[in-house]
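We did not get these values from a lab; they are worked out from the coordinates using the rules stated. Since this is a predicted model, take the numbers as computed values, not measurements. Don't worry about glycine lacking a Cβ; one is built from the backbone with ideal geometry, like all the others, and counts go over all protein chains shown.
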Amino acid sequence: MNEQLEAIRRAAQAELGRTPRVRAWWVDALTLVGVNALCGLGWSAFFSLHLEQHTGPLVRAVGAAGLVLVALLGALAAVRPGGRPLRVVLVGLAAATALVLVGAASGHDPGIPFLGGAGCGVSELVASVLPLGASVWVLTRFAPDLLRTLVAGLAAGAGGLVTLHLHCPNGTLSHLLVFHLAPWVLVALAAVGLRRVLPSATWAP
């Protein structure tokens, strides 16, 4: 009997040795926070600061703060186990921030053709590639979850939008809607689409 128990113990230890240790959730969360912060702040270094986009410094600061919170807390909420209430709050914060950006538009027109502003949208999408890829890769550790993925996508795109928020001189509503906010939504939808086709390492929630 003792020999059988010892054999079972050795077999269990061998199996545990073959099984890789699971990373703590906060390691992935901090990784995404760092990637989102680095891409947002790093991208901003390539552009000159402009203040014409919004009606005043207060709304500009509120908008920037909302985007930064979405980028950083969203990365945390997307990975945190049992973080559904926080994820719901983050989606609400993203929507409220978008309304602030639209409502605070100054209407300033730098005099370029409408399609000439497409560079803003391209810039935002380029800045979001690495955060988006990292977020979707991390989420394969979890069972597919629409809210979790949506929050991760919004966080991944918020860094690029912060750059436009602080550095774009165009304050026309059409420009902000098409070349600032629409790419943000596109990044979030891309996260949802990519997550749907990628396999999951586990089906644990």
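Roughly how many whole Å is it from the C-alpha centroid of region 99-117 to that of region 33-86? Centre-to-centre (Cα) distance: 20 Å. For Cα extents along the principal axes in Å, the candidate list reads (1) 87, 28, 27; (2) 165, 33, 30; (3) 128, 40, 23; the entry that matches the value derived from this model is (1).
Every helix of 4 or more DSSP H residues in the chain counts as -39500 (n - 2.57), and over all residues that averages to -24000 deg cm²/dmol at 222 nm. For region 129-135, 3J(HN,Hα) computed residue by residue from phi via the Karplus equation (6.51, -1.76, 1.60; θ = phi - 60°) reads 4, 5, x, 5, x, 5, 5 Hz, glycine and proline entered as x.
The length gained on full extension between ALA182 and ALA61, counted as 0.36 nm times the residue separation minus their Cα-Cα distance, comes to 41.5 nm.
Stretched out straight at 0.36 nm per residue, the stretch from SER174 to ALA95 would grow longer than its current Cα-Cα span by 26.7 nm. One decimal place: the segment ALA118-ASP145 gains 6.5 nm when fully extended, by the rule 0.36 nm per residue minus the C-alpha distance. What residue among VAL136, VAL89, VAL27 has the largest mean-square fluctuation in a Gaussian network model of the chain, using Cα springs under 10 Å? For the chain, modelled as a Gaussian network with Cα springs under 10 Å, the answer is VAL27. Please give the residues of region 120-148, grouped as numeric ranges, whose backbone N is less than 17 Å from a label point set 7 Å along the Cα-to-Cβ vector of SER200. Only 136-148 pass the distance filter.
Applied to region 148-159, the Karplus parametrisation 6.51 cos²θ - 1.76 cosθ + 1.60 on θ = phi - 60° returns per-residue 3J(HN,Hα) values of 4, 5, 4, 5, 4, x, 4, 5, 5, x, 5, x Hz, with x for Gly and Pro. Sum up the charges of everything whose Cβ sits under 14 Å from the Cβ of HIS175, counting Lys and Arg as +1 and Asp and Glu as -1, but leave HIS175 out. So the environment of HIS175 carries a net charge of -3.
Springs join every pair of Cα atoms under 10 Å in this Gaussian network model of the chain, and among LEU30, LEU73, LEU115 the largest mean-square fluctuation is at LEU115.
Just checking the listed ones, ALA71, ALA45, ALA156: in the Gaussian network model of the chain with Cα springs under 10 Å, the one fluctuating most is ALA45. Using the Cβ of LEU73 as centre and a radius below 12 Å, the other residues enclosed give a net charge of +2, where K and R count +1 and D and E count -1.
Near VAL192: Cβ cut-off under 15 Å, other residues only, Lys/Arg at +1 and Asp/Glu at -1. The net charge is +3.
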